[in-house]
Each structure stands twice: as C-alpha cells, then as structure tokens.
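The values are calculated or read from the model by the stated rules, or taken from the named source; none is laboratory data. Just so we're clear, the structure is a prediction, and the values are computed from it rather than from any experiment. All Cβ positions, even for glycine, are placed from backbone atoms using ideal geometry, and neighbour counts span all protein chains on display.
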Amino acid sequence: MVAMTNSAAVLADTAAYAAAVEQASVAAAAYYATGESALDDDAYDRLARGIAAYEADHPEEVLAASPTGKVAGGAAVGDVPHTVPMLSLDNVFSAEQFATWTASLERRIGRPVTAWSVEPKLDGLAVAARYRDGRFERLITRGDGTAGEDVSHAAGAVVGLPERLAEPVTIEVRGEILMTNDQFDQGNAIRTEHGGAPFANPRNGAAGTLRAKDRAYRVETTFFAYGALPLPDSGELVETLAELPHSEVLSYVAGLGVHTAAGTDVAPVLAATVEEVQARVDAIGSLRATLPFGIDGIVIKADLAADQREAGSGTRAPRWAIAYKLPAVEKITRLLSVEWNVGRTGIIAPRAVLEPVVIDGSTVGYATLHNPADITRRDLRLGDQVMVYKAGDIIPRIEAPVVHLRTGDETPIDFPESCPQCGSEIDTSEQRWRCTRGRNCRLVASVSYAAGRDQLDIEGLGATRVVQLVDAGLVADFADLFTLEREQLLALDRMGETSTDNLLAAIDTARTRPLSRVFCALGVRGTGRSMSRRIARYFATMDRIVAADVETLQRVDGIGKEKAAAVVAELVELAPLIDKLVAAGVSMTEPGATPPPEPGTEEEAAAGAGTEAVGDAGTGSTLPLAGMTVVVTGAMSGALEKLSRNQMNELIERAGGKSSSSVSKRTSLLVAGDKAGSKRTKAEDLGVRIAVPEEFAELVGAFLAVGEDA
Ligand SMILES: NC(=O)c1ccc[n+]([C@@H]2O[C@H](COP(=O)([O-])OP(=O)(O)OC[C@H]3O[C@@H](n4cnc5c(N)ncnc54)[C@H](O)[C@@H]3O)[C@@H](O)[C@H]2O)c1
Ligand SMILES: [Zn+2]
C-alpha cells in the first residue's frame, strides 16, 4: 500500500497560528456551504493538522474558532435537531496506526473485537433520511453534528433513496450522498448548457446540488446507506436495531429498498482479525481507480452492537469506528497550455499541460482532454486552476476548472485550424477531430522522421516534399523512397532535373547509413538516437535485433522488461517494412560492432550470465574509449568540424565509449572546442581530463571513416 502523506503545515508563531485558523474557517465554511473552497482536501488537511499540532504545544493559545475537535470543523450549520448526533470519524493512515487504534479500543471494552465491518469511505456528504410508516419524510444534512439543514426538496433527484420503503416502518437511514463519475459528467454538461459554471469535482457537485433550489434543470446524485437508527415512534424496531450487528442493519436497510454499497466491488465485508481487515483495506485501495464513484478511504467499524455501545462516542467521533484514509488523488493545479497530438489514424487529440503537481506519490504534468467539444463543454481556459484526478495506473484527468478561483486573466483555448502534424485541413464533423489526410498524416510524419538528420539524413527531403510524395501515392512507407524512379519525381510539381537528381543521389547515400540510424528511422517507440545506437552496437545486424526475444533485448544497457516487450512487439509489426528495406539494399549492419554469440551456444550462455557483454560484446577492451564516458562541448574543428552532435556521439560509441551530455564526476573526458562554456568550467573544477577536437580526432582517428557517408 502506498505510504500516506499525512504531513502538516508548520506554524511558527501565534500570528501564523491565528492566520491558519482563519484560513481553515473560511475554507471549511465555503466547503460545507457550496463546495467552493480555495483549497483542495490535501491542502486543507495539512493545514488542519498544523493547527492541531500547534494547539498541542500551546494549549493556552487555542482559539474558539479552531476547527480542531469539531464536526465539520465547526463550519456547518442547521436548524433541524438530530436525534442522535451525526459525528465525523477519526483517521489512521497506516497499518501500524490502525493496529494501535484497535488495541486501544479493545483495552477500553476489555475484550477483543471479533468482528469488523470493512466498508468504503464514500466521498460525498453525510445525510439522514427519515421515513415514517414507510414513506419518505425528510432529508437532513449533518450540519454541525447536532442539527442539520432540511434539504428534502432535493430528495427526488437522489438515486437510491426511495419514496416508499418495502415495509411500513418508521426509521432514520444514514448514509452518504455523492455523484458517481457519470453523474458528475452529466451534471456538468447540463449545467454548462444552462450557462452555469461546472463543479470542480463530484463531491462539490453533490454538496452544491443538494443545497440548490429552483434550478431550471435536474442533476442526479446517488445515496449509499451505511447505517440506520430508530426514531421515537419506531415501535419494536427500537429494540431490534439496538441489538443487531451493524452488518445486519445494512442488510435490513437494503431489504427495505434503500441503496447500499453491497452491490459494488468494494461492498462491506466482515473481517475477524486485524490482518484480514488490512487485506481488505489493501484490496479496496487497489480497486479505487476503477470504481465508478469516489472513495477517500476505508471505514472500519466494530460490528457487534455491544462493542459499539460499550466503546461509546466522543464529541467529534465514535470510538468504535475509524477512517483508514487513502492518499489524496485530487489536487488543484494550473492549466498551462494544450498540446494537440496526431495519432496513427489521424485523430487529433488535445492534451493538457499542467503545472507539475505531486499526486499520490507521482508527479503529474499532463492530463487527457478527450476532444475539442469536451474542452468547450467543460469551459476550460488557459491559466485556469483545475482539479486534477490521478489514482493507480490511470491516466490523469482534469475533473473541471475551479471556477471560483478565476482571476479574469484566463484566456480561451485555441483550437488548431489546420493539422498540427502535416498542415492539412481538419475534419471537424465528429466529436473527435481528424486530419483529412487520415492515416497518411502519420505517414508524412513518419517518413519525414525517417529522412531526418539523425536518422537517414536525406538532404532535400523536407516535410513539403514528403507530403507531395505521399499525396501522389508514391510512398506508403519510407522503404518506398529507395525505389522511387526518376520519371515519377520529375512528374511532381516544382521538381526540376537538378533537384530530382540530387534527391535520388541523397536517397542512394542513405542506403549506406549504419544500422543504428536505419533502426532509429523505424521510429520504434522508446528508441531514440542513443538507444538505437546501443541496440545496433549490441546486436550488430538487423537480423539479430529482429530475432531477439524479450530476455535477450534486456541485455542492452537501459532496456528493462517492459520496454523490451514493447520493442519486440513493435518489431513484429514492422517486419514487412524491414523486409522491404532489405530488398531495397539498405545497409543492415553496424560497422565496427561485433555480434553477440549465437543463441544456444556455450559462449551465449556465458554472456547471458555475466554483464560483461552488455554494450559492446567482445571487442570492448581493445577499443580506445573502452570504459570511458565522454562529453562534447563547443564547436568542433579539424577532422571533426563537419560532425553534428549526434555524429560525434556515434563516433564516441563506435570507439567503445559512452556519450553523455553533462559533465559530472563520472565523466572521463571532455572534448572541448571553441566557445566551450560552462561545461568546460565544470570539468576544470572537477579535474576532468579535457581534450581539444584535434587531440580527440587523433585518439579515435581509426573510427572516423567507418559508418560515415561511404
Ligand atoms: N477543501 C476544503 O476546504 C475542506 C474544508 C473542510 C473539510 N474538508 C475535507 O472534509 C473532510 C473532513 O470531513 P468530515 O468531517 O466529513 O470527515 P471525514 O470525511 O474524514 O469522515 C467522516 C464522514 O465520513 C463519511 N462516510 C463515508 N463513508 C462512510 C461509511 N461507510 N461509514 C460511516 N461514515 C462514512 C460520513 O459522511 C462521515 O460523516 C476532510 O477530508 C477534509 O479534507 C475540506
Ligand atoms: Zn495531418
């Protein structure tokens, strides 16, 4: 289970404490009234813990307005008295804290608890629904715990709260009202259609909806019962409910037709030991991201009525139940920009770029936005503070802008007018926009990439030319470049004899590029320039790369299991293209690299066992840069003058070294040309050996010719 972030704000003095109390009061008041707090829950909880810590150290300074120890932080109000107080819950954040809590509860009642009910902590707001003779009578919020607000007007739009019960009983059912993810999406769509501002998250949506009166539209929420009590004239139910275990109360309520969590993946279960509870806690935690509604923890309750009775309650929370909190999965951050990416089929998908924020232990910098209509529907604007949700392995999503935090400086999100990848028109007739070039759009991009400087380096084949070739139907993949005929090119617009011959010559030269570049040109995900070089150097031939299984691929420095599997899978898809390249006479070997031993041989087994073979099998020790990490900076001169950075890196790796872009203690050599700046200074500071390009050229001279334009 992920470690919980239960850090606290640090309050240095009386003034900081007073300011924190003020900030918390304002936030809680807004939170419980309309859901429009300036803080996300994580920020509020940090503040509240800081306040509590300060009060523990300075008990004489506690302010009356402090939220500590009060239901709803003392912020909520109401005028309908509760028969029995509606309390909050105390929290634990770890297995250890939970074990400590159970031990103290068992000490208090003087015996072990043998039955625990383990349930989802539904992330909505607590309500009490009163039924008289089986008919719905009144819906009341928790308020300050002793009295709540009457929100009966809203009951008709609450799913799971029937108008009539299956039996004519008089009873108060308690539970949580929340918005399921679907209800949240639908609710926000309806609101924005009516010119209203979207809710920041489902919890705010539920709070706002419950209080709203005279809305021109209907927004649904869902009720989940987690308890029931008798009312003064409940008759024999008074005694029954007092003696039933909590789990049976829940079944009884469900039998009356009231919705509970029983039908969900996180249905309440009974556990006999702390270990069993913990196992269920872990299970619920890992189901969280897939649930159709939000939970913010797990509630664990002593199931037996006698245990509950003897444990009793404090002023803020019962002693027989605890909330085992899960890490916050929602944070407020800023929407910086929107990127438009074009997929394989030409779908143009927006992606939100966020001010990076840590959620549940990982840094989130991007979030999905489904389509342009989605952006419009949610009324997102650049510069908006947005509520971002990220749990488990799911892709982070923006729930909504936090509209009440707008400053007026937010600007509309610009939609592209032409395809951001190839410049073609966009088909906007469906929700998902698509480049009118469809799959060919990707084709243009992938052929342009293959022809690029660091791949096949085909001079004269810019994006416009590629578009022409694709549109004329002359290339369906970049292997087709190698079989282009002179007449075909001459027939194209703006292609004269000279440019045609130059292009054909450039393509012919590209045939002799080293394997590392040909492999890079394939555009296998996760294999950029340097990874392609490592793969090519390790396997030496394309045949061996293609023949490699997941295990063998992992012998290449920097390839883990997941990446290896992805590469293997993609290479299977690319097999026809590779065959075509072979047939076109494109070079499939890496000059200077020695292939690893054949699979199945003794040598191979030895190579697999040790790590020696990784990188440059066999030849490593005889190469001039073996074992060295080399950084290049400044302008190259002499024999190296014409080499790009990428070509320099290739050279270093051919000569057995490792290329790097930054100087550190581990750098063996810095090749510093003219105008070398901070890297040179740093190398001097660290005492790293420095060579001018000419000296370096001498060292690796033998490798200079290989693999360059033959
Ligand atoms: N963002 C803000 O400005 C702000 C301000 C105030 C409070 N808050 C948030 O509100 C929370 C504190 O609110 P709280 O006092 O309602 O406490 P709580 O949410 O931590 O726990 C108590 C509540 O849990 C609910 N609950 C859900 N499932 C339950 C189940 N199966 N059994 C019993 N109860 C269940 C009940 O409504 C109960 O009242 C904190 O998480 C805090 O972050 C946020
Ligand atoms: Zn396009």
Across segment 95-118, the tally of residues that are crowded, with 19+ Cβ neighbours inside 10 Å and either in a strand (DSSP E or B) or at positive phi (or both) stands at 3
The listed residue being in the same structural domain as Arg397 (by TED's automatic domain parsing) and within 16 Å of ligand 2 (Cβ to nearest atom), out of Val338, Val342:
Val342
Residue in segment 375-395 that is part of a helix (DSSP H, G or I), free of Cβ contacts under 8 Å to residues at least 24 places away in the same chain, away from ligand 1 (no atom under 16 Å from the Cβ) and farther than 30 Å from Leu503 by Cα present:
yes
Being under 33 Å from the mean Cα position of the chain (by Cα), surrounded by fewer than 19 Cβ atoms within 10 Å (Cβ to Cβ) and outside any helix (DSSP H, G or I) narrows it down to one residue among Ala38, Ala65; which is it?
Ala38
Considering only residues that are under 24 Å from Gln183 (Cα atoms) and loosely packed, with under 14 Cβ neighbours inside 10 Å, which ones fall in segment 352-403?
Ala373, Thr376, Gly392, Asp393, Ile394, Ile395
What do you reckon, is Glu55 crowded, with 17+ Cβ neighbours inside 10 Å and either assigned to a helix (DSSP H, G or I) or away from ligand 2 (no atom under 16 Å from the Cβ) (or both)?
yes
Subset of segment 548-569 (residues that are more than 25 Å from Gly627 (Cα to Cα) and more than 25 Å from the chain's Cα centre (by Cα))
Ala548, Asp549, Val550, Val568
Only one of Glu167, Glu236, Glu220 that is acidic (Asp, Glu) and either at pLDDT below 95 or not assigned by TED's automatic domain parsing to the domain that holds Asp123 (or both)
Glu236
Name the pairs whose Cβ atoms lie under 7 Å apart, with the first residue in segment 442-459 and away from ligand 1 (no atom under 16 Å from the Cβ), the second in a loop (DSSP other than H, G, I, E, B) and of a type in the set (Ser, Thr, Tyr), and 6 or more positions between them or separate chains?
Arg453/Ser644
What tally of residues in segment 404-445 results from selecting those that are more than 15 Å from ligand 2 (Cβ to nearest atom), loosely packed, with under 12 Cβ neighbours inside 10 Å and in a loop (DSSP other than H, G, I, E, B)?
8
Any residue at all in segment 231-238 that is more than 16 Å from ligand 2 (Cβ to nearest atom), within 32 Å of the chain's Cα centre (by Cα) and not in a loop (DSSP other than H, G, I, E, B)?
no
Give me the pairs, please: first residue somewhere in segment 81-104 and closer than 18 Å to Tyr226 by Cβ, second residue anywhere and within 12 Å of ligand 1 (Cβ to nearest atom) and in a helix (DSSP H, G or I), beta-carbon distance under 8 Å, and either six or more positions apart or on two chains.
Pro85/Val71; Met86/Val71; Leu87/Val71; Ser88/Val71; Ser88/Ala72
